[in-house]
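To start, the structure itself, in structure tokens.
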Amino acid sequence: MFRRPNLIVALACFVLLALAGTAFAGGVVVTLDQMPAGAQPGKPVEVGFMILSAHTGDAVSGERPIVVATNPQTNEAIRAVARPSGPTGHYVVTLTLPTEGRWSWRIHPFSEAADYPASEFTPIEVRAAPVAAPALAQADAARQAGPFELL
């Protein structure tokens, strides 16, 4: 037989679990097509992703997701609106990250104005393209100029 305090605690736990299930029933999951790689300063990078209902698994369409990227070293921030592309619930955004560094980024599935948490992802590493050393480039050009190689 339950004593009164145990019954109250059990009832409170039941109510909290019921409320928690209701609070999460309308959530979504944002899934990337692939992690952006090879990002270079000032060059556009296209990122595709799906928005799915966490409750039913159905694709969520008709939204205007906002992507926000921030470089904590320089305090730069950019915002871009994703556009629908391909199957229902699939969106694409073009990001142009202006400087090198480690860019933190997140996707607001229902725009920034919506009272819904953003999905945060692994930071994007932005690096300048490697530059070929002039001496190596000249040696390659000389090697290709004639049929003989210098030893």
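Things worth noting here:
- Point-to-point label distance, S53-V131, nm (Cα→Cβ direction, 7 Å offset): 5.4 nm
- Residues of the stretch 97-133 with an amide N closer than 15 Å to a point placed 7 Å from the Cα of R64 along the Cα-to-Cβ direction: 108-115.
- When Rg and Dmax are taken over the Cα atoms of the stretch 30-122, they come to 13.2, 41 Å.
- Here the Karplus curve 6.51 cos²θ - 1.76 cosθ + 1.60, taken at θ = phi - 60°, turns the phi angles of the stretch 66-79 into couplings of 10, 10, 10, 10, 9, 9, x, 6, 10, 6, 7, 9, 10, 10 Hz, with x standing for Gly and Pro.
None of the figures in this text is laboratory data; all of them are computed from the coordinates on show. Please read all numbers here as calculations on a predicted model, not as lab measurements. A quick note on method: Cβ atoms are made from the backbone with ideal geometry, for glycine too, and the neighbour counts reach across all protein chains shown.
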